[in-house]
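Peer 1: After the C-alpha cells below, expect a handful of questions from me.
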Amino acid sequence: MNAPRLILSAFVAFGLASCGTPQGGGAPGPRPASAQQAERQQSQQILAELQQKNMLIGGDRVNGYVDQITARIDAARPRNASRLRTYIIKDAAANAFTSGAGYVFIHAGLLATMENEAQLAMVLAHEIAHEDLGHVSAGMAQRQNVAIGQALAGIGGALLGVPGELTNLVAGVGGQAYYADFSREQERAADELGMKYLVAAGYDGIAGAKSFQVMRRMYGDNTSFLSTHPGTTDRQRTLEAEARQLGGAKGRVAQDEYLRKTNPVRKMAIKVYEQNNRNAELQQARSNLRAAR
Ligand SMILES: [Zn+2]
C-alpha cells in the first residue's frame, strides 16, 4: 500500500538533495492566490479523507490543549498568513506534516514522545514555516501526479477500525514520503524561520531545539528519512545558536503541563509500541510517562 507515503514528516523528513524546487529565502512573502487556492484544496481533501476514515482525534481534552499551543505559534506569524490549524491523527509515529493553507497534521506519536511543550511547538513552527516560505506550493507544482487520495486510502487500510486505538505506521518507512522532498536548504530555512516563530511565541528556543535530539534518539541516523539528512546534530546546534542570538533561551518550556495533558494519548501510543516492538519510541514514551508522575 501507499500508506508510508503519507508519513510525511517534513520535520523528520529532512530534505532530499535531489529536490530541485526553488529555494525558499529567509523571509516569508505572500503567495499567488492560485497557489493558496491549490494548497487549500489539497488540505481540505486530506482533512476530509481523514475525517471520513475516523482517523482524527477529536473532542478530546488534548485537542483544546494543542489548540492553545497552535494559537501561540500562529500569533507569531505574519498577519497576512493563513490561519494555523492543527489536527491530530490517530497514529503512533512521531511525525507531523503540513499540506499548506495553514493545515498542520500531527501524528499522535509526536505528542507521546516529545518531552515538553517547547519541543512540540518547535515542530509546529518548523512545519508552518515551510508553508510560509512557499515550500509547500513550490513542491505541489512538482507533484501534480501524486494521488493524495490513494495515499490516504492506504492509511485507512492500515487502520484496524478499533475506536480509540492508534494505527501502527512506522515513521520513516518509505523515507521518500510524500513531503519528504524538501531540499536541505529548505529544511534549513524552515528551521531558521521556525525558531524565530518559536521564540517570538515566548518559548525557550534551546528547549525547543532538543526535539531533534529526541527524534535522533528514537529513529537514529540510519532510518530512511534521517539518513537522507546527515546534518541532524548540526541542525540542532545551529538552532541552539540562533535561539541564543534571539535571546530565546529563557522562555516557556511547560514540561509538567505538557506531560499531564498529553498522557492519555501517550498511554494509547505505548500500547502500540509494546505490541509492535517499537522499542525506541516505547522507551521515550515511558520515560515521559514516568516524568509525568
Ligand atoms: Zn522540514
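The values are calculated or read from the model by the stated rules, or taken from the named source; none is laboratory data. Since this is a predicted model, take the numbers as computed values, not measurements. Here the Cβ positions follow ideal geometry from the backbone for every residue, glycine too, while neighbour counts run over all protein chains shown.
Peer 1: Of the residues in segment 266-293, how many are among the β-branched types (Val, Ile, Thr) and at pLDDT 95 or above?
Peer 2: Count: 1.
Peer 1: Hey, another quick one. Tally time: how many residues in segment 182-223 are among the small types (Gly, Ala, Ser), part of a helix (DSSP H, G or I) and either surrounded by fewer than 22 Cβ atoms within 10 Å (Cβ to Cβ) or within 15 Å of the ligand (Cβ to nearest atom) (or both)?
Peer 2: Here the count works out to 7.
Peer 1: Provide a single number: the residues in segment 28-43 that are touching a residue at least 24 places away in the same chain (Cβ under 8 Å) and part of a helix (DSSP H, G or I).
Peer 2: Looking only at that region, the number is 7.
Peer 1: Taking the condition closer than 22 Å to Ile73 by Cβ and surrounded by fewer than 22 Cβ atoms within 10 Å (Cβ to Cβ), does Glu257 pass?
Peer 2: For Glu257, the condition - closer than 22 Å to Ile73 by Cβ and surrounded by fewer than 22 Cβ atoms within 10 Å (Cβ to Cβ) - is met.
Peer 1: Something else about it: Applying the selection to segment 44-55, what residues are within 30 Å of Glu257 (Cα to Cα) and crowded, with 18+ Cβ neighbours inside 10 Å? First the steps, then the outcome.
Peer 2: First, the residues of segment 44-55 that are within 30 Å of Glu257 (Cα to Cα): 47, 50-51, 54-55.
Selection gives Leu50, Met55.
Peer 1: Something else about it: Residue pairs, Cβ under 8 Å, 6 or more apart or interchain, first in segment 196-209 and within 14 Å of Ala76 (Cα to Cα), second polar (S, T, N, Q) and part of a helix (DSSP H, G or I). List them.
Peer 2: From residues that are within 14 Å of Ala76 (Cα to Cα), there are no pairs.
Peer 1: Among the strands (runs of 3 or more DSSP E) contained in segment 63-116, which hold 3 or more residues that are surrounded by 24 or more Cβ atoms within 10 Å (Cβ to Cβ)?
Peer 2: 96-100, 103-107
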